[in-house]
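Undergrad: Before I ask anything, here is the structure I am working with.
Read-outs throughout are calculated quantities, based only on the coordinates presented, and are distinct from any laboratory measurement. Since we're looking at a predicted model, the values are computed, not measured. Don't worry about glycine lacking a Cβ; one is built from the backbone with ideal geometry, like all the others, and counts go over all protein chains shown.
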Amino acid sequence: MKTSRKIQDGIGDIITDSELGIILLSRDDIEKLKKEAENKDLWNLKMVGAYEAQEISRGEGVTIAIINSGVDSNHPEISDRFGENKGINLVFWYYDNDGNLVVDEKGLPKVKEDYDPGIINDDNAHGTAIAGIVAGKTIGIAPESHLYVIKAVDEKGKLFANSIEKAIKLCIRGREKIDIINLSMGRIEYRRNLEKLCEEAYKKGTIIVASAGNYGVGPIFPSAYENVVCVGAVDKEKKHCKFSNIWHTVDLSAPGKKIFSCRPKLSSENNYDLAYATSTGTSFATPHVTGALALAISYLKSKGIRYAPTDLIKILKTSCEEINYEEEKIKQEMREHTFDKLEGMTPKKFIRWMYGAGILRIDKFLENVITYYKK
């Protein structure tokens, strides 16, 4: 499946929610939300049934790769989630004082002198927020899972055309045994090599979860590939977020608007007390699904049960909360979307393309996984 829009090889914009914004909060708002987190009262975790699911499983024994802008691994929410090898840094390029990419005589990016493949610090904030939603101590879904970070995105939110491919290769051919890959990113350009790597990961038992995109309609890759779980975003009222891509490849939806999570500590801050923010976009819906799969896989591993990605993904989708809608309201929403690609679509099909199978319910997913594997 190819699209008409292309991103040239080399450095390209990453399609992420940093365009929509990671919003810094006031001290009062942070304290209020931290208290909600401590009391197990965060709206997004309640909506998806995370707290109930955590009574059965907390993600122990599952390794999740976060391919993104790096992570502030010292943040108290996630500092316990790493082993000795925290990850790898693929960002070797750099910019001059005018913000231009520094290249050599062949036009290829130069390697910066202080490049260190072991430094996974987050200078964009995107990756730390993702990690917090997946595995945060009080804000995450799988708080006992193990994280492995691949820094593939720079401080400007940019990456090489083949950065995602390199990162996935590390996950499925490297020393680390990765159970789930979280890819809260994507590109408009179809790449057959990337698709083949996603197929290889799937066959090897590694599940890739990726964001649907924030362009309103159409596919982005890798989430549009067949063997990748594609996640759209809903708000606190369980309504489809206008930015979340509508397309037939959307598998399910999860909270993706004003999600409370951690952020890197600023140089002006003495501690992590205020190192929190809210984030909006399909990138932040995606780790809810990643965390859900981690809880299920952790449970199955603890019982010595072998599983297949195909079965888990099928159960994940059939466990979703179905969308109840009034046809007239949906027709009105369809009229608001002026995209040519949606012309002539029925309300039922429009709902399916917006939400996928429905809204994530982790409690029901785990319950159905347990029932299925008891057979």
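Undergrad: Can you list, largest first and rounded to whole Å, the semi-axes you get for the range 198-354 by taking the square root of 5 times each eigenvalue of its Cα gyration tensor?
TA: Output for the range 198-354: semi-axes of 28, 24, 14 Å.
Undergrad: Could you tell me which label, among [x] 188; [y] 177; [z] 149, carries the value of volume of the Cα convex hull per residue in Å³ calculated for this structure?
TA: Given [x] 188; [y] 177; [z] 149, the structure-derived one carries the label [z].
Undergrad: Using the number of other C-beta atoms within 10 angstrom as an exposure proxy, rank Cys241, Cys198 with the fewest first.
TA: On the way: Cys241 23, Cys198 26.
The fewest-first ordering by Cβ neighbours comes to Cys241, Cys198.
Undergrad: Hey, another quick one. Anyone know which of Ser163, Ser184, Ser268 comes out most mobile in the 10 Å Cα GNM of the chain?
TA: With Cα springs under 10 Å in the chain, the top fluctuation among Ser163, Ser184, Ser268 is at Ser268.
Undergrad: Beyond 22 Å between alpha-carbons counts as too far, so tell me which of Lys151/Lys265; Lys151/Lys242; Lys40/Lys364; Lys238/Lys258; Lys177/Lys265; Lys156/Lys265 fall in that bin.
TA: From the list (Lys151/Lys265; Lys151/Lys242; Lys40/Lys364; Lys238/Lys258; Lys177/Lys265; Lys156/Lys265), the Cα-Cα distance tops 22 Å for Lys151/Lys242; Lys177/Lys265.
Undergrad: Then there's this: Mind listing the long-range amide H neighbours of Leu252? Cut-off is under 5 Å, sequence gap 5 or more, other chains count too, H placed in the peptide plane at 1.01 Å from N.
TA: Placed amide hydrogens put Cys230, Gly232, Ala357 under 5 Å from Leu252.
Undergrad: Mind checking which of Arg81, Arg192, Arg58 has the largest fluctuation in a GNM of the chain, springs on alpha carbons under 10 Å?
TA: Fluctuation is largest for Arg192.
Undergrad: Arranged by the count of other C-beta atoms within 10 angstrom, fewest first, what order do Met185, Met47, Met354, Met345 take?
TA: Ranked by crowding around the Cβ, least crowded first: Met345, Met47, Met354, Met185.
Undergrad: May I ask for the net charge around Asn68, where only other residues with Cβ less than 9 Å from the Cβ of Asn68 are counted and Lys, Arg are +1 while Asp, Glu are -1?
TA: With Lys, Arg at +1 and Asp, Glu at -1, the net is 0.
Undergrad: With θ set to phi - 60° and the Karplus curve 6.51 cos²θ - 1.76 cosθ + 1.60, what are the ³J(HN,Hα) couplings of the range 57-74 in order, to the nearest whole Hz, using x for Gly and Pro?
TA: Using θ = phi - 60°, the values come out as 8, 10, x, 4, x, 10, 9, 10, 8, 9, 8, 6, 8, x, 8, 7, 6, 8 Hz.
Undergrad: Moving to a separate point now. Taking every DSSP beta bridge that has both residues in the range 11-372, what percent is antiparallel when rounded to the nearest 5?
TA: Expressed as a percentage, antiparallel bridges in the range 11-372 total about 35.
Undergrad: I would also like to ask the following. Say we join alpha carbon atoms closer than 10 Å with springs in a Gaussian network model of the chain; which of Asn162, Asn68, Asn227 then has the biggest fluctuation?
TA: Greatest mean-square fluctuation among the candidates belongs to Asn162.
Undergrad: Using a 10 Å cut-off around each Cβ, can you sort Leu366, Leu312, Leu25 from fewest to most neighbouring Cβ atoms?
TA: In order of increasing Cβ crowding within 10 Å: Leu25, Leu312, Leu366.
Undergrad: Let me ask something else about it. Find the centroid of the Cα atoms in the range 216-233 and in the range 124-189, then give the distance between the two in whole Å.
TA: The range 216-233 and the range 124-189 have Cα centres spaced 16 Å from each other.
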